[in-house]
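Asks: Input: one structure, supplied below.
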Amino acid sequence: MINLKGIKKIYANGDIKVAALGGVDLHVGEGEFVAIMGPSGSGKSTMMNILGCLDTPTEGEYFLDGTDVAKATGDDLSVIRNRKIGFIFQGFNLLPRTMAVENVELPMLYAGTGGKERRTRAIAALESVGLGERIHHRPKELSGGQQQRVAIARALVTNPSIILADEPTGNLDSRSSEEVMAIFQRLHAQGNTIIIVTHEPDIAEFTERIVRFRDGHIEGDEIVKNPRKAQAQVIGEEGGPE
Amino acid sequence: MNFLESIRVSLRALRANKLRSSLTMLGIIIGVAAVIAMVGIGNGATASITSQIQGMGSNLLTISSAQAFSGGVSGGAGSSASLSMTDVSKIEVGTAIKAVAPVANTSAQVVLASGNTSTSITGTTEDYAIIKNVTIARGRNITEQDVNSSARVAVLGPTVVENLMGDVNADIIGKNIKINNVPFQVIGVTTATGSTGMSSSDDMITAPITTIQARLIGKKTVRNILVSATSEDLMQIAQDSITATLRKAHKIQEGKDDDFRVQNQADMLEAMQSVTQTLTMLLGGIAGISLLVGGIGIMNIMLVSVTERTREIGIRKAIGAKGMDILLQFLIEAVVLSILGGGIGIALGYGGSTLAGKALSMDTSISLTSVAMAFGFSAAIGIIFGVFPARKAAAMDPIDALRFE
């Protein structure tokens, strides 16, 4: 599924070269639920950008679904992101003044999916995260947890190979965080490959494998023995913005 | 993403920012409206001047006496009294010349019991009506006999009748009017031509030239001789033959200058049209500059919009928008703004020039070309001034764009 070999990312700032990633090997198999952890400056964000094909490594190979995407550029990367990757960000990154359903349709818009199919699939995705009643709401009219669920719906609506979440609970209170993690656990149970970048240990406990970064290298890679089960009893019962 | 979807996305973005969109359009609206209105008014002015000159008569040649010199100082055209009734009789109607009429004119106060007015009095002969394309609505025209007998008869323009009697259709035939205290009998009223300006035959009294010379002017001057050529093609021939005739009549030796001047209506028309066309271009040019400023306004706002929506661009790119998708989105926004502004501008410009035409009482004409040009121009402005911001948006790095606060 994901195969990284000797990934280096070097930022040149004038004459000074900083290696954000100093030769990383990582394999993530299909259907895994991984947390990438590490302090700030450890290279986990750079890792996330490379995994998400937002950035390319200076050196190394990156096989995603069997194809080397390390050397892809510009528009090719856009196509890869569109087809294979579902993004979830800390700040939700929904388009303001745009209805939830339209936000979810967005990746399909760029994939060239027809209008009717787009709407149907977007509604289905929103229903699957418990927002079937709020498809016409704009981000402003939704709580943080609900906004993140819209973002999750947007990420999974294209059936991507991997779902990448960058601090998905960073802006949420603990109850909403748990809801979001419950959705991830359910998606994982359905066979999706999910990678979460987080610095919160209790969030990482919901996943099944923790990869720890420090100074541009993988410091530890362990299996979570007993992943915590997220409680999701409140989904779909919430009121308006909190 | 296909083109139609791009348009939809752009329209949605414009709708989301209604105030800004309409303010941005305002520049283009004003620019296009100004171009349309200015060109419309300019064309109207050209048309009205053309019709005024043509209203002076068809295929008209105007002979006037040349300038007199006294002590080396020019008295200006017409200052010498070189034309006489003898000259008029020497110019013969023939293949090239349709009609000849002398003119001795003045302006005078006209009094009738029911009212008075000041108007221009033209002393002339029967053929004046032919040359001026004036027909008699009621009564009769002046005749050769009237001229020979210096009859105190007058043919009135409809405006004069209205000014004197308060009604164009008032029965004035046979009544006596006083022109500068000289009694004249009204023998006819001309048909309204609708022409305006100095040479309007509507606000004019025509009378036998001999009467006017004797009673009103006091000397036997002929100010102009009007000649109507049989066709436009024969105007030059007519002009040449008149020149030859008059030189012979005035006994001007070979090599000496004419003591008269023959003006061709076509030349006048051409000169006037070139003046108004230059004016139209000038006005249109100034308006065009405002259109350019409007275009820069669009670019300005689009640049602000691109910066402001950096995050949106980042999101779109992260989930799969290609550079071209983003470029198209912003380009279409700019083009939609300018085309919409252009459309509104055309409507406003049309309304404005119609209003201005009403106020200046002339017909304005909006040509299809100027509408098409304004429209094409505003679309082009949208593209030209939209490309730069759109390229800037398309070239954004998604990581930086997403990090943008």
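The values are calculated or read from the model by the stated rules, or taken from the named source; none is laboratory data. Being a predicted model, the structure only gives us computed values, none of them experimental. All Cβ positions, even for glycine, are placed from backbone atoms using ideal geometry, and neighbour counts span all protein chains on display. Side chains included, ligands, DNA and RNA excluded: accessible areas come from the protein's heavy atoms. Shrake-Rupley method; radii C 1.70, N 1.55, O 1.52, S 1.80 Å.
Asks: Using alpha-carbon positions, what is the distance between the centroids of the range B:215-257 and the range B:273-331, in Å?
Replies: Taking the Cα centre of each part, the range B:215-257 and the range B:273-331 sit 61 Å apart.
Asks: Can I get the semi-axes of the range B:97-227's equivalent ellipsoid? Compute them from the C-alpha gyration tensor as square roots of 5 times the eigenvalues, in angstrom, largest first.
Replies: For the range B:97-227, the semi-axes come out at 20, 17, 13 Å.
Asks: OK, next. Could you sort A:1, B:324 by accessible area so the largest value comes first, with the probe set to 1.4 Å?
Replies: Descending order: B:324, A:1.
Asks: Using only Cα atoms, locate the centre of the range A:9-62 and the centre of the range A:184-202, then give the distance between them in Å, rounded to an integer.
Replies: 19 Å
Asks: Next question, about the same structure. Run the helix sum for chain A: -39,500 (n - 2.57) per DSSP H stretch of 4+ residues, divided by residue count, reported at 222 nm to the nearest 500 deg cm²/dmol.
Replies: -10000 deg cm²/dmol
Asks: Compute the accessible area of each residue in the range B:318-352 twice, once for its chain alone and once with every protein chain present, using a 1.4 Å probe on heavy atoms, and list those whose area falls by at least 20 Å².
Replies: Correct list: B:318, B:319, B:320, B:321, B:322.
Asks: Taking 0.36 nm per intervening residue step and subtracting the Cα-Cα distance, what contour gain separates residue B:12 from residue B:266 on full extension?
Replies: Answer, rounded to one decimal: 85.7 nm.
Asks: Counting Lys +1, Arg +1, Asp -1, Glu -1, what net charge surrounds residue B:111 among other residues with beta carbon under 12 Å of its beta carbon?
Replies: +2
Asks: Just the accessible area per residue of the protein assembly as shown, please: how many Å² with a 1.4 Å probe?
Replies: Spelled out: the 1.4 Å probe surface of the protein assembly as shown, per residue, equals 46 Å².
Asks: Mind checking which of B:44, A:41, B:29 is farthest towards the positive end of the protein assembly as shown's charge dipole, using Cβ charges of +1 (Lys, Arg) and -1 (Asp, Glu) about the Cα centre?
Replies: Toward the positive end, the furthest listed residue is B:44.
Asks: Calculate I(q)/I(0) for the range B:200-251 by the Debye formula, one identical point scatterer on each C-alpha and no solvent, and give its log10 at q = 0.17 Å⁻¹ to two decimals.
Replies: -0.79
Asks: Using only C-alpha atoms and all pairs of different ones, pull out the Kirkwood radius for the range B:218-353 in Å with one decimal.
Replies: 22.0 Å
Asks: Excluding residue A:3 itself, calculate the net charge of residues whose Cβ lies under 9 Å from the Cβ of residue A:3, where each Lys or Arg counts +1 and each Asp or Glu counts -1.
Replies: Within the 9 Å Cβ shell, the charges total -1.
Asks: When the Kirkwood radius is taken over all Cα pairs of the protein assembly as shown, what Stokes-Einstein diffusion coefficient follows at 10 °C and 1.306 mPa s, in µm²/s?
Replies: Using the Kirkwood radius from Cα pairs, D works out to 49 µm²/s.
Asks: I would also like to ask the following. Give the long-range amide H neighbours of residue A:130: residues separated by 5 or more places, or on another chain, with amide H under 5 Å away, using H modelled in the peptide plane at 1.01 Å from N.
Replies: Amide H neighbours of residue A:130: none.
Asks: Considering the zone a paramagnetic label at residue B:303 would reach in this model (a point 7 Å from Cα along the Cα-to-Cβ line), which residues of the range B:361-397 have amide N under 17 Å from it?
Replies: Those under the cut-off are B:382-396.
Asks: Given a 1.4 Å probe and every protein chain left where it sits, what share in percent of the accessible area of chain A is carbon and sulfur?
Replies: On the way: 4850 of 10330 Å².
Roughly 47 percent of what the probe reaches on chain A is carbon or sulfur.
Asks: Run down the lysines and flag those whose C-alpha is under 26 Å from the C-alpha of residue A:71, throwing out any fewer than 8 positions away in its chain.
Replies: List returned: A:5, A:8, A:9, A:17, A:44, A:84, B:317, B:322, B:392.
Asks: Taking each full run of DSSP H in chain B as one helix, which ones are at least 15 Å long along their axis (Cα atoms) and have mean Kyte-Doolittle hydropathy of at least 0.5?
Replies: For chain B, where a helix must reach 15 Å along its axis and average at least 0.5, the hits are B:3-16, B:18-55, B:265-308, B:323-359, B:368-394.
Asks: Residues of the range A:88-105 losing 30 Å² or more of accessible area relative to the isolated chain, 1.4 Å probe, heavy atoms only?
Replies: Buried-area filter returns A:89, A:93, A:95, A:97, A:102.
Asks: Please compute the Kirkwood hydrodynamic radius of the range B:273-401 from all pairs of different C-alpha atoms, in Å with one decimal.
Replies: Taking every pair of different Cα atoms in the range B:273-401, averaging 1/r and inverting gives 16.6 Å.
Asks: A follow-up question, please. With only Lys, Arg, Asp and Glu charged, each at its Cβ (+1 for the first two, -1 for the last two), find how big the charge dipole of the range B:97-227 is about the Cα centre; round to the nearest 20 debye. If you can, show how the numbers build up before the last one.
Replies: On the way: 11 positive and 9 negative charges, 86 e Å.
Once rounded to the nearest 20, the dipole reads 420 debye.
Asks: Compute a Gaussian network model of chain B, connecting alpha carbons closer than 10 Å, and tell me which residue from B:320, B:349, B:94 fluctuates the most.
Replies: Its mean-square fluctuation being the largest, the pick is B:320.
Asks: Right, here's the next one. Sort A:109, B:292 from largest to smallest accessible area, using a 1.4 Å probe on the heavy atoms of the protein chains.
Replies: From most accessible down to least: B:292, A:109.
Asks: Related question: Starting at 0 and stepping by 10 Å, how many percent of the alpha carbon pairs of the range A:159-209 end up in each bin?
Replies: 25, 61, 14
Asks: Stretch residue B:293-residue B:95 to full length: gain in nm at 0.36 nm per residue minus the Cα-Cα span?
Replies: 65.4 nm
Asks: Which value results for Rg/Rh of chain A when Rg is the Cα radius of gyration and Rh the Kirkwood radius based on the inverse mean 1/r?
Replies: Over the Cα atoms of chain A, Rg/Rh equals 0.97.
Asks: Along the Cα→Cβ direction, 7 angstrom out, place labels at residue B:347 and residue B:50. What is the inter-label distance in nm?
Replies: A separation of 3.0 nm, rounded to one decimal place.
Asks: Rounded if a/c is under 1.5, else prolate if a/b is larger than b/c, else oblate: which is the range B:206-296, with a ≥ b ≥ c the root eigenvalues of its Cα gyration tensor? Don't skip to the end; give the middle numbers.
Replies: Values: a/c = 3.28, a/b = 2.13, b/c = 1.54.
Prolate is the answer for the range B:206-296, as a/c is 1.5 or above and a/b outweighs b/c.
Asks: OK, next. Give the interface area between chains B and A as buried accessible surface, both sides summed, probe 1.4 Å, in Å² to the nearest 100.
Replies: Result for this pair: about 2000 Å² buried.
Asks: Among residues other than residue B:18 whose Cβ falls under 14 Å from its Cβ, what is the net charge (Lys/Arg +1, Asp/Glu -1)?
Replies: Every neighbour counted, the sum reads +3.
Asks: Name the residue from B:115, B:201, B:154 whose Cα lies farthest towards the positive end of the charge dipole of the range B:97-227, charges +1 on Cβ of Lys and Arg and -1 on Cβ of Asp and Glu.
Replies: After comparing all options, I get B:154.
Asks: Determine the share of the range B:97-227's accessible area contributed by carbon and sulfur atoms, expressed in whole percent, with a 1.4 angstrom probe.
Replies: 46 percent
Asks: Count of lysine pairs in the range B:97-227 with Cα atoms under 27 Å apart, counting only pairs 8 or more residues apart in sequence or on different chains?
Replies: Taking the range B:97-227 as the scope, the lysine pair count is 8.
Asks: Rounded to two decimals, what is the ratio between the C-alpha radius of gyration of chain B and 2.2 N^0.38 Å?
Replies: Numbers: Rg = 32.6 Å, N = 405, 2.2 N^0.38 = 21.5 Å.
That works out to 1.51 for chain B.
Asks: Given a 10 angstrom Cα cut-off, can you work out which residue in A:227, A:139, A:107 is the most mobile in a GNM of chain A?
Replies: Result for chain A, Cα springs under 10 Å: A:227 fluctuates most.
Asks: Treating the beta-carbon of each Lys and Arg as +1 and of each Asp and Glu as -1, no other charges, what is the dipole magnitude of the range A:1-121 about its Cα centre, to the nearest 20 debye?
Replies: Rounded to the nearest 20 debye, it is 360 debye.
Asks: So which aspartates and glutamates can residue B:358 reach, going by Cα to Cα under 17 Å and dropping same-chain residues fewer than 8 places off?
Replies: By straight Cα distance, residue B:358 reaches no aspartates and glutamates at all.
Asks: Translational D (Stokes-Einstein, µm²/s) of the range B:271-323 at 37 °C and 0.692 mPa s when Rh comes from the Kirkwood sum over C-alpha pairs? Walk me through the numbers before you get to the answer.
Replies: On the way: Rh = 14.4 Å.
Answer, rounded: 229 µm²/s.
Asks: Which whole-Hz couplings ³J(HN,Hα) result when phi for each residue of the range B:214-225 is put into the Karplus expression 6.51 cos²θ - 1.76 cosθ + 1.60, θ = phi - 60°, listed in order with x for Gly and Pro?
Replies: Computed from phi, the couplings for the range B:214-225 are 6, 8, 10, 8, x, 9, 8, 7, 10, 6, 9, 10 Hz.
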